[in-house]
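Below: the structure, in structure tokens.
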Amino acid sequence: MSLARVFRHLFAPPWLVRRAFAQHVLERIEAAIGASEKRHRGEIRFAVEGALEFLPVARGLTPRERALEVFSLLKVWDTEENTGVLVYVQVVDRDIEIVADRAIARRIPQTQWDAICGRIEQAFADKRYDEGVVAGIGEIGEVLAAHFPAGPENADELPDKPAVL
């Protein structure tokens, strides 16, 4: 347990997420997801979260572990072809995680997702939140289109609207 991390979460202001992800930014992300999903059979969800509760942080819950919980909570796993992808942003920890469902994970290594996360994090370091996420979604879409191209029936199984937790 990092005491500094616990304090960051305890004292993070409730408006922290909205400062970086205002309504117009969330709308731009939603549009990017919708446009991306027309090119492939994957389903992309974006979730952003501010401070976590004290006990999970004190117990050492990592952003990756939280991303896996959110993957389940948002039912990203619940697609016909197991082609859900979660982009999870933990604002207080300044961490981005991409979690891919089983069918995707069998074809695309985590290192590829980690590289995309790194590029999004670089944009965030420059306070270009919307640009970073939209570019990241574009990259995810390219990867998914190469492995899971859209077919004649390309159902939209998950909401495109970002989840603010």
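Which residues, counting only those in the stretch 107-144, are at pLDDT 95 or above, surrounded by 15 or more Cβ atoms within 10 Å (Cβ to Cβ) and more than 18 Å from L86 (Cβ to Cβ)?
Correct list: A123, E131.
Pull out all pairs, ordered by first then second residue, where Cβ-Cβ is under 7 Å, the residues are six or more apart or on different chains, the first lies in the stretch 1-23 and is without any contact (Cβ under 8 Å) to a residue 60 or more places away in the chain, and the second is part of a loop (DSSP other than H, G, I, E, B) and surrounded by fewer than 16 Cβ atoms within 10 Å (Cβ to Cβ).
That search, which allows pairs on different chains as well, returns M1/G60.
Among the residues in the stretch 47-62, are any in a helix (DSSP H, G or I) and within 16 Å of the chain's Cα centre (by Cα)?
No, the stretch 47-62 contains no residue that is in a helix (DSSP H, G or I) and within 16 Å of the chain's Cα centre (by Cα).
Please go through the stretch 123-165 and pick out each residue that is within 24 Å of A51 (Cβ to Cβ), within 15 Å of the chain's Cα centre (by Cα) and in a helix (DSSP H, G or I).
The answer is A123, F124, Y129, D130, G132, V133, G136.
Let me spell it out: the conditions are (1) among the polar types (S, T, N, Q); (2) part of a loop (DSSP other than H, G, I, E, B); (3) surrounded by fewer than 18 Cβ atoms within 10 Å (Cβ to Cβ), and T79 meets all of them except one. Which number is the exception?
Result: T79 fails condition (3) only.
Within the stretch 18-45, how many residues turn out to be among the β-branched types (V, I, T), assigned to a helix (DSSP H, G or I) and either modelled with pLDDT under 95 or under 20 Å from L144 (Cβ atoms) (or both)?
Here the count works out to 2.
Answer yes or no as to whether S72 is modelled with pLDDT of 95 or more, closer than 30 Å to A103 by Cβ and crowded, with 20+ Cβ neighbours inside 10 Å.
It is false that S72 is modelled with pLDDT of 95 or more, closer than 30 Å to A103 by Cβ and crowded, with 20+ Cβ neighbours inside 10 Å.
Taking the stated definitions as given, is H24 surrounded by 16 or more Cβ atoms within 10 Å (Cβ to Cβ) and either over 17 Å from the mean Cα position of the chain (by Cα) or of a type in the set (D, E, K, R) (or both)?
Values: surrounded by 16 or more Cβ atoms within 10 Å (Cβ to Cβ): no; either over 17 Å from the mean Cα position of the chain (by Cα) or of a type in the set (D, E, K, R) (or both): yes.
For H24, the condition - surrounded by 16 or more Cβ atoms within 10 Å (Cβ to Cβ) and either over 17 Å from the mean Cα position of the chain (by Cα) or of a type in the set (D, E, K, R) (or both) - is not met.
Pairs, please: C-beta under 8 Å, at least 6 apart or cross-chain, first residue under 27 Å from L3 (Cα atoms) and polar (S, T, N, Q) and in the stretch 71-93, second at pLDDT 95 or above and assigned to a loop (DSSP other than H, G, I, E, B)?
Close Cβ pairs satisfying both conditions: Q90/L52.
Yes or no: the stretch 103-113 includes at least one residue that is under 30 Å from A12 (Cβ atoms), without any contact (Cβ under 8 Å) to a residue 12 or more places away in the chain and not in a helix (DSSP H, G or I).
no
I'd like the full set of residues that are part of a strand (DSSP E or B) and under 22 Å from A146 (Cα atoms), limited to the stretch 82-102. Steps first, answer last, please.
Restricting attention to the stretch 82-102, the residues satisfying the condition of being part of a strand (DSSP E or B) are 84-90, 95-100.
Across the stretch 82-102, the qualifying residues are G84, V85, L86, V87, E97, I98, V99, A100.
Answer with yes or no whether I44 is buried (at least 21 other Cβ atoms within 10 Å of the Cβ), touching a residue at least 60 places away in the same chain (Cβ under 8 Å) and touching a Lys or Arg at 6+ places or on another chain (Cβ under 9 Å).
Against the criterion (buried (at least 21 other Cβ atoms within 10 Å of the Cβ), touching a residue at least 60 places away in the same chain (Cβ under 8 Å) and touching a Lys or Arg at 6+ places or on another chain (Cβ under 9 Å)), I44 does not qualify.
Is there a residue in the stretch 63-80 that is closer than 23 Å to P14 by Cβ, in contact with a Lys or Arg (Cβ under 8 Å, 6 or more places away or on another chain) and not hydroxyl-bearing (S, T, Y)?
yes
The values are calculated or read from the model by the stated rules, or taken from the named source; none is laboratory data. Being a predicted model, the structure only gives us computed values, none of them experimental. A quick note on method: Cβ atoms are made from the backbone with ideal geometry, for glycine too, and the neighbour counts reach across all protein chains shown.
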